[in-house]
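The values are calculated or read from the model by the stated rules, or taken from the named source; none is laboratory data. All of these numbers come straight from a predicted model, not from anything done at the bench. Every residue, glycine among them, receives a Cβ derived from its backbone with ideal geometry; neighbour counts consider all protein chains shown.
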Amino acid sequence: MAHRFLIALFLFATVATAATTLSDDTNSDDLLIRQVVDTAEDHILNAEHHFTSFKSKFSKNYATKEEHDYRFGVFKSNLIKAKLHQKLDPSAQHGITKFSDLTASEFRRQFLGLNKRLRLPAHAQKAPILPTNNLPEDFDWREKGAVTPVKDQGSCGSCWAFSTTGALEGANYLATGKLTSLSEQQLVDCDHVCDPEERGSCDSGCNGGLMNNAFEYILQSGGVVSEKDYAYTGRDGSCKFDKSKVVASVSNFSVVSLDEDQIAANLVKNGPLAVAINAAWMQTYMSGVSCPYICAKARLDHGVLLVGFGQGGYAPIRLKEKPYWIIKNSWGQNWGEEGYYKICRGRNVCGVDSMVSTVAAAQS
């Protein structure tokens with residue numbers, strides 16, 4: 001344990017030292033990119049070859065030479081970032097992803113969007129304590145038909161809406177036996193639920209929201225229509241909700257204890273769970289079980305869906321199987337493990353246990 005801590009401390013200090021002089025600058029991301037790129041050796045990273053492959057794989061096109069050159073600089077910085085992430089998170093694979101030409105601030109602005117205020121809406125309950133003595137070692141709602149295919153939120157901070165619909169899709173399946181893809185766009189356009197005690201704590205479409213607020217909206221509005229009837233555009237729009245087309249509704253929703261056995265028990269009994277997470281390691285994630293040495297538990301900026309758990313992966317320190325949560329993301333199937341993320345289970349890594357909600361669907 002001491003050896004692992006020293007490694008993490010050394011690597012963290014290396015990154016922190018490079019950024020210290022830039023921390024007070026409003027353009028620190030861009031300045032850090034230039035600083036790192038200026039000191040890196042291109043031939044070691046083979047950056048030009050990787051950038052050419054990246055552009056081809058993800059159909060990247062840039063309007064001007066200036067934009068192209070700037071994105072190449074960002075890309076080189078992210079190659080170095082991925083190498084650092086690999087050292088700090090050795091049980092996962094980090095590298096080039098569809099986000100490798102984005103600065104950290106661009107990535108946060110375009111693809112995250114969780115409203116970080118944790119106050120609960122009026123109708124939220126605390127989930128009852130469930131028995132945990134007979135929990136399975138492995139469990140996956142995908143294998144039981146309760147999870148729709150991976151979706152893509154695009155460049156819209158609507159992750160909270162996808163987390164919400166994913167949980168309700170599973171709950172509705174358990175209640176009706178039917179798996180129906182629900183409309184995130186309805187939530188983006190129509191859900192503006194606010195916490196009256198917290199100014200600015202509102203669901204705001206592509207500018208962020210909170211899953212518990214969204215459950216409150218669904219409870220108040222009477223339900224959600226299908227994806228087919230209210231298709232996703234990835235942009236803020238005017239509300240076109242037609243209550244006569246509702247296919248799923250909420251009877252109640254609850255906040256689950258921080259205890260990981262209780263989270264697992266609620267998952268098994270009630271279906272996929274809406275979860276908040278710190279996405280700091282996800283920009284460079286490719287596969288494996290992510291278990292970073294350092295990840296703030298309080299900085300929750302992304303809404304995802306917990307669909308299962310298991311054991312496995314590569315654990316170089318303890319040389320045994322690593323338990324993990326299975327997370328459904330909303331960045332398309334060309335990210336991560338076909339759209340999924342595995343994160344270490346057992347110590348609230350990246351705050352994955354900090355804001356977990358379960359929802360019950362009203363039976364028709």
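Structure summary
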read-out	value
Close pairs from the stretch 251-275: first under 16 Å from Asn133 (Cβ atoms), partner assigned to a loop (DSSP other than H, G, I, E, B) and basic (Lys, Arg), Cβ under 8 Å, at least 6 apart	Glu260/Arg345
Flag for Leu120 being surrounded by 13 or more Cβ atoms within 10 Å (Cβ to Cβ), touching a helix residue (DSSP H, G or I) at 6+ places or on another chain (Cβ under 7 Å), hydrophobic (A, V, I, L, M, F, W, C) and modelled with pLDDT under 90	yes
Unique residue being basic (Lys, Arg), surrounded by fewer than 16 Cβ atoms within 10 Å (Cβ to Cβ) and not in a helix (DSSP H, G or I) when the list is Lys178, Lys83	Lys178
Selection from the stretch 207-235 of residues that are in a loop (DSSP other than H, G, I, E, B), at pLDDT 95 or above and at negative phi	Val225, Glu227, Lys228, Asp229, Tyr230, Ala231, Tyr232, Thr233, Arg235
Condition met for Ser158 (at pLDDT 90 or above and closer than 20 Å to Arg109 by Cβ)	yes
Residue in the stretch 267-283 that is farthest from Leu306 (Cα to Cα), counting only those that are in contact with a strand residue (DSSP E or B) (Cβ under 8 Å, 6 or more places away or on another chain) and assigned to a loop (DSSP other than H, G, I, E, B)	Trp281
